[in-house]
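Just below is one structure, and these are the notes that go with it.
The values are calculated or read from the model by the stated rules, or taken from the named source; none is laboratory data. This structure is a prediction, so every number in the text was calculated from the model and none was measured. Backbone-built Cβ (ideal geometry, glycine too); neighbour counts: all protein chains shown. For the accessible areas, the whole protein counts, side chains as well, though only heavy atoms, and no ligand, DNA or RNA atoms are used. Shrake-Rupley method; radii C 1.70, N 1.55, O 1.52, S 1.80 Å.
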Amino acid sequence: MVVLALRAGVLGQLVRVSLLLTMPIAVSVVLVSVFTRAGTTVLFAIGPFDATVEGVDFAAQTLVRLFAISLSIGLFLMTTDPRAFVFDLERRGVSPRVAFVAVATIEAVPALVERAGVIGESQRARGLDTEGSVRARLRGVLPLIGPVIIGALTDVEERSLALESRAFSRPGRRHLLWAMPDRTWERWLRWALIALLVATAAARISGRI
Amino acid sequence: MLGLHGVGYRYAGYAGPVLHDIDLTLADGEIVGVVGANESGKSTLSLVASGLAPGSIGGGLSGTLTIDGVDMAGRPLHEFSTRVGIGFQNPATQLSGVTGSVFEEVALGPMNLGLPTRETVERTKAALATLGIDQLAEREPRRLSGGQAQLVVIASLLAMRPAHLVLDEPTAQLDPEGTRLVGEALRGLAATGTALLIVEHKTDLLDGLCSRIVVLDAGRIVRDGPADDVLADPRLDDWGVDPPSRIRLGRALAMRDLDPALIAGVVGS
Amino acid sequence: MTHLALEGVGFVYPDGTRALSEVDLTVTPGEVVAIVGQNGSGKSTLVRQLDGLLRPTEGRVLHDGVDIAGIRVAALAAKVGIVFQNPDRQIFAGRVRTEVEFGPRILGRSANEAAEAATAALAAVGLTELADANPYDLGFSRRKLLTLASVLAMGTQVVVLDEPTTGQDARGVARIQRVVEAIATAGRTVIAISHDMRFVAETFTRVVVMGAGRVLLDGSPADVFAESAWPTLASTYLEPPLAARVGARLGLGPTPTEVSLVEALVEARG
C-alpha cells in the first residue's frame, strides 16, 4: 500500500489524512484498552486504573488495524476518480440510475459546502451572529439549515427535469463512450489479490475455529 | 410541428388551473417568443409544451398536445426528448454534475438514447460546432462562465436532435456578455431549421429574432401575431411587458412630434 | 447617517485569486450608486467588504471614519443590509411575515417594532396581501421581492442590492425603482449591482464601472455612458443604453436615458 501511494504521489497526504481521521478513535481506544483490559502484568497504575502489558498489546493491535483500514479507504478515494469508478460499475452491469445517484452523491458534497457558505453569508448580513456566544450560534442554526435543505431539494428537482429532457429515464443499456484502460497485468493482479483475500480469510477462520 | 389544442393545466396540490384554453402551434423552423408578466403562466407553458408537465411533475392536463400530428398523451418522457428539448434559466442546475468535460456532458443525452458510440461522438461534435463552442470540448463544465455553461446546456439539448426547442428565460441569470453569447447562438440556431419557443422578459432579445410573438396574461393567450405587430401593441404595458427599447424610444419621440425614424439607423448596429 | 469609505482596498481569496486591487471609493449618505461590470469583475467581492463578510487583504474599510476591521459582521449588519442575488439562499421561514421580521428581531427590536417594520417593508415591495403565505408558494420574482423586504425592515442606513431586477417583469422593475427612490429620499444610501444598463441609467445618480477588480469609471450616468467612455465599457463587455447610442449618433452629447434624449432632441430642434 505504501508503494502504491508513493507511486501515485499521495503518500504524505494519505498518511496525514489517515492519522487525522483515526486520531479521535485512536485516543479513546488507547485509554479504554490500556487501563481497563484485564491482565496479569501491571506496568503502572493511575488511581484505581492499572495499565497492563496485555492492554498495551491489545491497543497496539487495534491501532494498527484502524490505521490499515483508514489507509486503504483513503488511498482508494485519493487515487480513483469517482466518475471513472462508477462508469466502470455501469460497464459491469450496474444500472445507469444507480451509477448516476452514486456519482451525483459524491459530486454533490462540494456544491453543498459552497451553498452552505453562501447561505451563511446572507444570514450573517441580516445580523445573525455566528461569531458570538454558543447560545447566539445555536439560535442561528435554523435559518441556515432550512435554506440548505430546501435549496438542495429545488436544485435536485431542476436537475432531474433537465436530465429528463436528455432521455435519462429511457430504459435499456447505453453504449459508454469511455472504456477504463484495463491492462492484462492489472487483471491478473486483481484476481491474485482476490485469491489472497479468500485464502487469508479461510486461514483465519480455520485457525480460530 | 408542435401543437397545443385547448390546453389547460393545474399543478398537483393546487386548486385552480394555471393555464386556460391554450391554442398554440410551433411550425417547423419557426421562432416564436412568449412574453407576459411574472406568474402569467410562461414557465408552466414551457413545461407543458415539453411534456415535463404532467410527465415528470404530475398535475392535471386538459386538452391535447400533439407533435407532428401524434397525440403525446401518456407517452413516456424519453420519447419527448428526441422531439422537443427544454432549457431553463440556471445553467448550473441543468448540467448533470457527473461529467468531467464539456464533450462528455453533451454526449450524455445521445448516450442515454442507447446510440452506437460512433453516432454519439458525431452528434456531440455537430452540436458543439453548431453553437461554435468546439474549443470548450475539453473544459470542465463547472469551471465555465454562465454564458458558456448555458451554451453547453443548449448544445446538450441539440445533440438529442429534437425538431423543437423550448427555452425558458435562457439569459435571465447571465451578464451582458453571456446574454450576447446566447443571443448570437439563438440567431445561429434559427438558421439550422430547429423550431424555437423562447420565453423571455428581455423583449430587446426577441426583437429581430422571432417571427411571431405570443402574449400570456393570467394563464391565457391574449395576443398571438407577427413579432413586429405584437411588440408595437400599445397594450403590452397593461400586460406587464416592457416593449423593446426601439419601440419605447420611438414612442417617446413621436409624443414630442419628433420623427421615430431618427433612431432607425442605430438599432441593430 | 453612515458615510462609507474604501481606501486602497485589495482582496485576494485564500486560493490565491485576486478579486480587488487598489479600490478607492467614498459613498455619502443619500447617494444611489450602481456598480456594473461583467461577472468576475469584482462587484460581489466589493460589496461584501462593506459589512465585513469579507475583510480586505490590503487597505481598509471605514464607516463614518472608523476602520471596521475587528468589528463583528453582526454589528455591522445593523448599518449595512445586503440583499443577495438568489432568494433561495436566504429564505427559511414558513411564513412571509416571519421571514421579514427575522432581521429586525435579531437586531434587537421588540416584537411590536419588528411587526411594524415588516408591515411597512411588505407594503413597499407590494407583498402586503401575501404576508401570511408560505414563501415557497410564491414565484421566483416575488421571493426576490420578499428578500428585499426582509432587508428593508432592518432599517439599515445603507442598503445593498445584488442584481435586484433579475427575473422581474416591467412592474417589478418599476417597483424596485420606487423603493430605491424612497430610500434615497429618506437620506439613506443605496448601492446596487446590476447588469441592466437601462435600469441603471434611469435609477441611479452615480455609476461605478468595475473591470478586473479595479474601478474603471466612476461618475454620473451621463459621464459613464458618454461616447468617450464606450471603449472602457466595451473592455468589460458592457453596452450603453440605446438612448445613449442614439444621442451620440445624432451628435446630441450624453443622453443616458430616454427622457434626456427626448429633451436634447427638443432643445436641438429649437
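Here are a few things to note about the model shown:
- Qualifying residue in the stretch A:119-134 (condition: within 14 Å of chain C (Cβ to nearest Cβ), at pLDDT below 85, in a helix (DSSP H, G or I) and open to solvent by 50 Å² or more (accessible area, probe 1.4 Å)): no
- Helices (runs of 4 or more DSSP H) contained entirely in the stretch C:129-228, each with at least 2 residues that are in the same structural domain as C:I35 (by TED's automatic domain parsing) and surrounded by fewer than 22 Cβ atoms within 10 Å (Cβ to Cβ): C:197-203, C:221-224
- Members of the stretch C:86-113 found to be of a type in the set (V, I, T) and more than 9 Å from chain A (Cβ to nearest Cβ), listed by number: C:V96, C:T98, C:V100
- Residue-level check: of (1) more than 10 Å from chain B (Cβ to nearest Cβ); (2) over 30 Å from C:E22 (Cβ atoms); (3) in contact (Cβ under 8 Å) with a residue 12 or more places away in the chain, C:T185 misses just (3).
- Tally of residues being hydrophobic (A, V, I, L, M, F, W, C), within 17 Å of B:G85 (Cα to Cα) and within 9 Å of chain A (Cβ to nearest Cβ) across the stretch B:107-138: 4
- When residues of the stretch B:145-202 are limited to those that are of a type in the set (S, T, N, Q) and within 14 Å of chain C (Cβ to nearest Cβ), the one surrounded by the fewest Cβ atoms within 10 Å (Cβ to Cβ): B:S145
- Residues located in the stretch A:88-109, provided they are more than 9 Å from every other protein chain (Cβ to nearest Cβ), open to solvent by less than 80 Å² (accessible area, probe 1.4 Å) and not small (G, A, S): A:D88, A:L89, A:E90, A:V94
- In the condition set (1) open to solvent by less than 40 Å² (accessible area, probe 1.4 Å); (2) out of contact with any Ser or Thr (no Cβ under 7 Å at 6 or more places or on another chain), C:G10 is compliant with all but (2).
- Subset of the stretch A:151-194 (residues that are assigned to a helix (DSSP H, G or I), open to solvent by 60 Å² or more (accessible area, probe 1.4 Å) and over 30 Å from C:Q90 (Cβ atoms)): A:T184, A:W185, A:R187, A:W188, A:L189, A:R190, A:W191, A:L193, A:I194
- Note on the stretch A:1-115: enclosed helices (runs of 4 or more DSSP H) holding 3 or more residues that are in contact with a helix residue (DSSP H, G or I) (Cβ under 6 Å, 6 or more places away or on another chain) are A:11-36, A:53-79, A:82-91.
- C:V80 meets the conditions (1) at the interface with another protein chain (Cβ under 10 Å from one of its Cβ atoms); (2) in contact with a helix residue (DSSP H, G or I) (Cβ under 6 Å, 6 or more places away or on another chain) in every case but one. The failed one is (2).
- For the stretch C:119-128, a residue qualifies if it is of a type in the set (A, V, I, L, M) and open to solvent by 10 Å² or more (accessible area, probe 1.4 Å), and the qualifying residues are C:A120, C:A123, C:A124.
- Listed by position, the helices (runs of 4 or more DSSP H) enclosed by the stretch C:33-118 that each have at least 1 residues that are open to solvent by 10 Å² or more (accessible area, probe 1.4 Å) and not hydrophobic (A, V, I, L, M, F, W, C) are C:43-49, C:96-106.
- In the stretch A:69-101, the residues that are closer than 26 Å to A:I25 by Cβ and touching a residue at least 40 places away in the same chain (Cβ under 8 Å): A:S70, A:L71, A:S72, A:G74, A:L75, A:M78, A:T79
- Of the residues screened, A:T22 is one that is at pLDDT 75 or above, crowded, with 17+ Cβ neighbours inside 10 Å, within 23 Å of the chain's Cα centre (by Cα) and β-branched (V, I, T).
- Taken together, C:E202, C:E239 contain a single residue that is out of contact with any Pro (no Cβ under 7 Å at 6 or more places or on another chain), in contact (Cβ under 8 Å) with a residue 40 or more places away in the chain and within 14 Å of chain B (Cβ to nearest Cβ), which is C:E202.
- Taken across the stretch B:90-106, residues that are on the phi > 0 side of the Ramachandran plot, modelled with pLDDT under 90 and within 8 Å of chain A (Cβ to nearest Cβ) do occur, with at least one present.
- The residues on offer are B:N90, B:N112, B:N38, and the sole one that is without any contact (Cβ under 8 Å) to a residue 40 or more places away in the chain and either buried (at least 20 other Cβ atoms within 10 Å of the Cβ) or of a type outside the set (A, V, I, L, M) (or both) is B:N112.
- Helices (runs of 4 or more DSSP H) (entirely within the stretch B:1-104) containing at least 2 residues that are closer than 15 Å to B:L216 by Cα and of a type in the set (V, I, T): B:42-49
- Test: residue in the stretch B:255-267 that is closer than 22 Å to B:L167 by Cβ, surrounded by 15 or more Cβ atoms within 10 Å (Cβ to Cβ) and not charged (D, E, K, R): no
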